[in-house]
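Structure first, commentary second.
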Amino acid sequence: MLRTGLVTGLALMEDIQAAFSLAAGLIFSGDTDLFEIVGLSLTVSVTAVAFACAIGMTLGAAIGVTRFPGRSAVIVLLNALMGLPPVVVGLCVYLLLSRAGPLGVLGLLYTPTAMIVAQTILVTPVVAALTRQVVEDLHHEYDEVLKSLGVKGIGRVRTLLWDARYSLITVALAGFGRAVAEVGAVIIVGGNIDHLTRMMTTAIALETSKGNLALALALGIVLVGISLAVNGAVATLGGAAPRTRNA
Amino acid sequence: MPDSILPLQARELCYQVNGTPLIDRISLTVDVGGFTVVIGPNGAGKSLLLRLLHGLIEPNSGRVEWAGGTASNGVLRMRQAMVFQRPVLLRRSVEANIVYALKWLGVPRAARAAAIDAALERAGLADRRRAQARLLSVGEQQRLVVARALAGKPDVLFLDEPTASLDPASVQQIEALLLEANAAGTAIVLVTHDTGQARRLGRDIVFVHRGRLTEKAPAEAFFDRPESPEARAYLNGEIIV
């Protein structure tokens with residue numbers, strides 16, 4: 001028993017070492033399969049986040065500045081939707097897009113578009129809920145000045161979104177993090193088809209189940225690397241953002 | 001559009017929260033080019049009165065009437081401005097803060113450049129126009145806020161203790177800005193609990209105590225011979241509750 005454990009442990013160590021060299025090899029040799037998978041992952045997630053920001057930021061800001069009956073219930077719902085399980089979203093989108101479903105005629109199932117739809121649904125509540133909080137805090141500060149200037153409705157929302165832009169970049173990043181890391185939704189609606197809908201996360205799931213741990217780990221390293229690179233880039237850009245000193 | 005939205009006449013303004021009257025039947029008039037200083041102890045309802053006059057909150061009863069009641073709400077908004085105790089600046093450059101106000105005050109694009117230059121010059125911030133507004137010192141921020149409020153040449157400017165947290169040099173600069181604007185025709189309604197400032201600036205004094213207007217007089221008369229016992233006590237530096 002102990003012996004088996006030791007052997008497995010050693011094998012794992014070797015796998016990790018192999019994974020790092022494989023990852024380096026794949027990246028620096030310009031492996032086309034890897035870049036195809038990474039490219040698709042980024043395209044799908046970035047597109048989904050763009051849609052989610054367009055919808056979620058507008059919605060979040062609107063809820064942030066308006067008062068209406070049932071508002072707190074809407075906020076609770078929105079916050080709860082942040083934890084929407086990806087597989088459930090995947091299943092719902094699958095049912096919508098499957099041949100027998102209401103949108104089956106569009107023939108979108110197992111295409112990148114289906115994955116974008118699923119991830120947009122997944123990320124929109126995250127963006128909306130966080131935007132609501134950011135905009136509402138800013139609105140507290142600006143309310144009287146905007147009222148004094150006669151700024152109402154859409155003008156108010158636009159002003160607040162623009163002035164909250166640095167915080168909203170972080171919101172978009174949180175959305176991107178959720179999108180690029182999830183596997184449950186895209187594997188159901190995308191189907192993990194090689195050269196068509198294979199993403200980093202679905203590939204990792206597949207390679208792991210095939211026992212190809214080194215390749216799975218290599219992909220994992222690339223995924224974490226991308227996440228770090230994106231956040232690093234934004235932090236560098238954010239360095240140019242003014243810090244509030246006397247506020 | 002009328003020449004001025006003034007005179008402003010407040011008639012029997014009442015404002016209460018949960019049945020407690022915070023403003024109790026206050027009537028007053030602000031004339032074209034006037035300089036009215038509202039003083040009184042903390043919690044007397046001075047800031048609330050200012051917000052009622054500026055239309056940020058609605059009175060429970062009573063009315064605020066402008067120049068015979070003919071001007072539309074949009075025009076009324078554009079011809080008055082308010083400065084708050086804590087400077088609230090947009091997270092944009094110094095210049096963009098003024099541009100924003102001018103845009104919403106309906107100043108045509110062609111006229112904006114000159115108005116921006118004049119406002120920055122007045123505030124002594126001409127060399128800081130590209131700086132982020134919120135990186136200015138507190139004194140500079142409040143100067144910018146006053147300049148932003150005056151950029152649209154309002155008929156009346158309301159100020160709620162604009163110099164309460166400023167150093168003496170900044171106070172002096174803000175007061176100079178106000179006197180200059182007043183000389184150029186903008187009526188000023190200033191809330192302060194600094195009696196020194198009230199003496200320096202005010203032409204008319206309104207004394208508010210417990211939500212009521214207890215005395216209204218030209219500055220000289222008020223400071224020489226305050227009529228109400230509350231005003232006398234206040235000017236003598238006593239604590240009145």
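Worth pointing out:
- Among the criteria (1) more than 16 Å from residue A:182 (Cα to Cα); (2) hydrophobic (A, V, I, L, M, F, W, C); (3) surrounded by 15 or more Cβ atoms within 10 Å (Cβ to Cβ), the one residue A:80 does not fulfil is (3).
- Test: residue in the range A:89-101 that is away from every other protein chain (no Cβ under 14 Å), touching a residue at least 60 places away in the same chain (Cβ under 8 Å), surrounded by 17 or more Cβ atoms within 10 Å (Cβ to Cβ) and not aliphatic (A, V, I, L, M): yes
- Lone qualifier among B:61, B:27 - being closer than 21 Å to residue B:203 by Cβ and either surrounded by fewer than 16 Cβ atoms within 10 Å (Cβ to Cβ) or free of Cβ contacts under 8 Å to residues at least 40 places away in the same chain (or both): B:27
One line per residue, one yes/no per condition, for (1) surrounded by 19 or more Cβ atoms within 10 Å (Cβ to Cβ); (2) within 30 Å of residue B:107 (Cβ to Cβ):
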| site | (1), (2) |
| --- | --- |
| A:121 | yes, no |
| A:126 | yes, no |
| A:146 | yes, yes |
| A:159 | yes, yes |
| A:164 | yes, yes |
| A:169 | no, no |
| A:172 | yes, no |
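- Positions within the range B:93-123 being touching a helix residue (DSSP H, G or I) at 6+ places or on another chain (Cβ under 7 Å) and closer than 15 Å to residue A:145 by Cα, in sequence order: B:97, B:98, B:99, B:101, B:102, B:104, B:105
- Screening residue A:235 with (1) of a type in the set (Gly, Ala, Ser); (2) surrounded by fewer than 18 Cβ atoms within 10 Å (Cβ to Cβ); (3) in contact with a Leu (Cβ under 9 Å, 6 or more places away or on another chain) gives one miss only, at (3).
- Only one of the numbered conditions (1) free of Cβ contacts under 8 Å to residues at least 60 places away in the same chain; (2) β-branched (Val, Ile, Thr); (3) within 14 Å of chain A (Cβ to nearest Cβ); (4) within 23 Å of residue B:181 (Cβ to Cβ) is violated by residue B:116, and that is (3).
- For the range B:94-113, a tally of residues being within 14 Å of chain A (Cβ to nearest Cβ) and in a loop (DSSP other than H, G, I, E, B) returns 3.
- Complete set of residues in the range B:133-149 that are over 11 Å from the mean Cα position of the chain (by Cα) and not charged (D, E, K, R): B:133, B:135, B:136, B:137, B:138, B:139, B:141, B:142, B:144, B:145, B:147
- The set of residues in the range A:180-198 that are within 12 Å of the chain's Cα centre (by Cα) and buried (at least 18 other Cβ atoms within 10 Å of the Cβ) comprises A:180, A:182, A:183, A:185, A:186.
- Any hit, the range B:75-93, residues being assigned to a loop (DSSP other than H, G, I, E, B), at negative phi and away from chain A (no Cβ under 11 Å): no
- Scanning the range A:104-152 for residues that are among the polar types (S, T, N, Q) and either within 20 Å of residue A:60 (Cα to Cα) or within 12 Å of chain B (Cβ to nearest Cβ) (or both) yields A:119, A:120, A:124, A:131, A:133, A:148.
Just so you know, all these numbers are worked out from the coordinates, no wet-lab data involved. The structure presented is a predicted model; accordingly, all values stated were derived computationally and were not measured. Cβ sites come from the backbone with ideal geometry, for glycine too, and all protein chains shown count toward neighbours.
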